[in-house]
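Enquirer: Quick one: structure below, then a few questions.
What follows draws every value from the coordinates through simple rules; no lab data is involved. Predicted, not measured: the structure shown is a model, and the values here were computed from it. In this analysis, Cβ positions are derived from the backbone assuming ideal geometry, glycine residues included, and neighbour counts consider all displayed protein chains.
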Amino acid sequence: MTTIVLLGAPGSGKGTQAELLEERLKVPHIATGDLFRAAYRQGTSIGREARRHMDRGQLVPDDITIRMLLDRLDQPDAKRGAILDGFPRTPAQAAALDAALKERGTQVDRALLIDVPAEDLVRRMAGRWICEKAGHVYHETANPPKVPGICDIDGSRLVQRADDQADTIRARLTQQLGALAEVVDHYRRAGVLRVVDGRQPIDAVARDLLAELDPQVKV
Ligand code: AP5
Ligand code: MG
């Protein structure tokens, strides 16, 4: 089983890199943000509750988030592992993940931090477009789709995220970076943290992330 945790500030490139790693490692990309957005589109009560926090740039409460993520890890496609994007985001979530993996006789293999300075994050989020169907990620200038407004992968329409408005972007950065630092420390103490320079072009970041994985993880 291979469990990779992708860490990084909002807009650092976790979703972009997780899509590339998924292709390479053949384990699913699981993003709690994407799960919350899907739940909201489906009109569930978890989706509505999550949305109230997301619209304010705040983290969704741990109990809801942990339950949703552990249910997703129980799906058959995650039996061989997962690339976790946006989870864990608090020390309580990190502890819950450690405990759940321990029960399965395994652990987090690598926590990869994509390091991007705060001044670049705003530009990245403001120019981001995602596809309606699966949340595939594009950027107006850094990673445009082949046909404007259409996802290269599944042909669905590209939309902007509700939390990519300027004031919500600022709220996310001020309210979430403290918890990220605590989670980074958690994995540094466990000896599995690696840091990659996220200011590079997308393919160079992907190359550096792959280089930080153990040879037995790379298939
Ligand atoms: P979530 O959806 O996870 O958002 P986030 O962490 O804020 O991260 P983003 O998705 O905004 O950025 P990313 O790092 O994936 O970057 P991307 O690849 O898109 O969470 C949303 C909300 O849900 C949270 O605010 C919270 O409320 C809630 N939530 C989710 N998980 C939670 C949890 N565990 N606990 C509690 N609450 C939770 O890239 C960004 C842009 O940059 C794109 O346009 C991309 O094309 C471009 N780009 C990417 N790489 C590069 C590069 N190397 N150079 C130039 N441009 C690049
Ligand atoms: Mg993302």
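Enquirer: Going by C-beta contacts inside 10 Å, put His29, His139 in order with the fewest on the left.
Expert: So the ranking, lowest neighbour count to highest, is His139, His29.
Enquirer: Additional query: Work out the FRET efficiency for Gln200 and Asp98 from their Cβ-Cβ distance, taking R0 = 30 Å, and round it to the nearest 0.05.
Expert: E between Gln200 and Asp98, to the nearest 0.05, is 0.50.
Enquirer: Could you pull out the trypsin sites (Lys or Arg not before Pro) across segment 57-109 that fall in loop regions by DSSP (anything but H, G, I, E, B) with no more than 16 other Cβ atoms inside 10 Å?
Expert: In loop regions of segment 57-109 (DSSP not H, G, I, E or B), the sparsely surrounded trypsin sites (Lys or Arg not before Pro) are Lys79, Arg80, Arg104.
Enquirer: Name the residue farthest towards the positive end of the dipole of the chain from the options Val137, Val108, Val183, assuming +1 on Cβ of Lys and Arg, -1 on Cβ of Asp and Glu, about the Cα centre.
Expert: Value computed over the given set: Val137.
Enquirer: Pairs on different chains or at least eight residues apart, Cα atoms closer than 28 Å: how many lysine pairs in the chain fit?
Expert: 16
Enquirer: Same structure, new question: Give me log10 I(q)/I(0) at q = 0.13 Å⁻¹ for the chain, Debye formula, one equal scatterer per alpha-carbon, no solvent.
Expert: -0.72
Enquirer: Another question, if that's okay. Which trypsin sites (Lys or Arg not before Pro) in segment 143-219 pass both tests, a DSSP loop state and at most 15 other beta-carbon atoms within 10 Å?
Expert: Passing both the DSSP loop test and the Cβ count: Lys146, Arg199, Lys218.
Enquirer: Ignoring everything except DSSP H segments at least 4 long, calculate the 222 nm mean residue ellipticity for the chain; use -39,500 (n - 2.57) per segment, divide by total residues, nearest 500.
Expert: After summing the helix terms and dividing by the residues of the chain, the value is -14500 deg cm²/dmol.
Enquirer: What does the net charge come to around Tyr187 if you take all other residues with beta carbon closer than 14 Å to its beta carbon, with K and R at +1 and D and E at -1?
Expert: -1
Enquirer: Apply the Debye scattering formula to segment 1-69, with a single equal point scatterer on each alpha-carbon and no solvent, then give log10 I(q)/I(0) at q = 0.11, 0.17, 0.19, 0.22 Å⁻¹.
Expert: Scattering profile of segment 1-69, log10 relative to I(0): -0.30, -0.70, -0.85, -1.04.
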